[in-house]
1. May I ask you to give the percent of accessible area on segment 105-195 that is carbon plus sulfur, with a probe radius of 1.4 Å?
2. Which value in deg cm²/dmol, rounded to the nearest 500, describes the helix-derived mean residue ellipticity at 222 nm for the chain, given -39,500 (n - 2.57) per DSSP H run of n ≥ 4 and division by the residue count?
3. At 10 °C and 1.306 mPa s, grab the translational diffusion coefficient of segment 285-424 from Stokes-Einstein with a Kirkwood Rh over Cα pairs, rounded to a whole number in µm² per second.
4. What's the long-distance tail for segment 132-209, i.e. % of Cα pairs beyond 18 Å?
5. May I ask you to order 57-68, 142-153 by the average number of other C-beta atoms within 10 Å around their residues, highest value first?
6. How large is the Kirkwood hydrodynamic radius of segment 165-218, in angstrom, based on all distinct alpha carbon pairs?
7. Can you pick out the pairs among LYS159/LYS390; LYS256/LYS323; LYS159/LYS256 whose Cα atoms lie more than 22 Å from each other?
8. Suppose every Lys and Arg Cβ carries +1 and every Asp and Glu Cβ carries -1, with no other charges. What dipole size does the chain come out with about its Cα centre, to the nearest 20 debye?
Amino acid sequence: MDTTINDAKSEIYDPSRKMLDVSRIREDFPILQRQVHGKRLVYLDSAATSQKPNCVINALSFFYRTINANIHRGVHTLSEESSSAYEALREKIANFIGGVDARGIVFTRNTTESLNMVALSWGKSNIKEGDEILLTEMEHHSNLVPWILLAKETGAVLKHIPVTDNGTLDMAAFYKLLNKKTKLVSVSIVSNVLGTINPVEEIIDAAHKNGSVTVLDGAQSVPHIVTDAKTLDCDFLAFSAHKMLGPTGIGVLYGKPEILEQMEPYLGGGGMIEQVELCNATWAEIPWKFEAGTPNYADVAAFSSAIDYLERIGMGVIREHEKEITEYAVEKLLEFDDLILYGPQDPEIQAGVFTFFHNKIHPHDLSTILDRDGIAIRAGHHCAQPLMMKYKIPATARASAYIYNDKEDIDELVESLNKAKRFF
Ligand code: C6P
């Protein structure tokens, strides 16, 4: 597998600048060598999906060229190699998120499917009329809609922790909302709109003391900050491979094994059974009980290379790098008197997500103008319509950073924003 960063963390991270050697990292990402409208691609849309390094692209091709066989369904060499690659990633993921029990790692398609699985399986057996499900106003639709569906079906009541003016959770309100009827608390660790890093340790601790089950949406945290499910002691954690250099179509649901064991499967079919008769069936052990049908084992093999890549850099170092970019981007964006910048504006509690609204230029127009300069940002409601309604805006523009971005990318963003202003 080729990657230029090897094992030399110190060579790609400059502790005095607290920045990664981005020019070296960029060499590993073929897409970043391309031009858009004749300009260098400045990719500032990693919160939507990350770009892929050569080692991930090559791992997928290597798998199909040399190993490809269905898993757990044959005893020939290829099937055994394929099965062990698949199971080895389960162990790797378990270590990556803090050394949890690998029996708690279920492969899904994405964060969305992982959260739906909790609602459909755990939720249907444990939530009844009048029970309360506590969410937040800053959740992505993936952590709202599964609970809306469950509430409609069971008669449960949805409650939401409000977001304060500086884009953080109103913790005083959280303590008031938490009560004996609260059966489940489900919160994103990092908001995909505000970048806010939520105090999830405190939330989990209080929820557990209250007897509530806890779910963390880690879609925007697992790729960017150390996310230790063991220390956090969350009951469930959901995330997606495609936001952390891995392929699309692979997600993870971590669940505490003792909870997963009590849950019913939510999909039935091959691979998830122990014994099937015509009118009855028993289930496989966890985690296989939740993996019906042929899984996406080839992308799992490629995801393994993405984890290796991130680990070679180090998640702590990645966070330091993004903190520097956050501080710089916030400072630069606040210089615009016609932009509203959302989020905490504090790198200590903000990941590299910068959402803004220009008082004259619609976010879609802004994004189109930036695209002419080769700059990719996202415009829209970011699958967080309730938050848009709270701010009374239809959409925002959002730039988001990762390991291949540096301050120069922020400078280009700022220059292009200034150009857009002159244009309008
Ligand atoms: N947010 C964004 O541009 P999936 O699509 O299932 O991999 O991830 C869903 C999801 C869940 N929670 C959070 C906090 C997220 O940010 C996302 C994905 C992308 O913001 C695509 S909408």
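1. Taking all protein chains in place, segment 105-195 shows 54 percent carbon and sulfur surface.
2. -11000 deg cm²/dmol
3. Translational D for this selection: 92 µm²/s.
4. Beyond 18 Å sits 36 percent of the P(r) for segment 132-209.
5. 142-153, 57-68
6. 11.6 Å
7. Violating the 22 Å limit, Cα to Cα: LYS256/LYS323; LYS159/LYS256.
8. 940 debye
The values are calculated or read from the model by the stated rules, or taken from the named source; none is laboratory data. Predicted model only: the values in this text are computed from it and were never measured. All Cβ positions, even for glycine, are placed from backbone atoms using ideal geometry, and neighbour counts span all protein chains on display. Accessible surface is based on the protein model in full, side chains and every heavy atom, while ligands, DNA and RNA are left aside. Shrake-Rupley method; radii C 1.70, N 1.55, O 1.52, S 1.80 Å.
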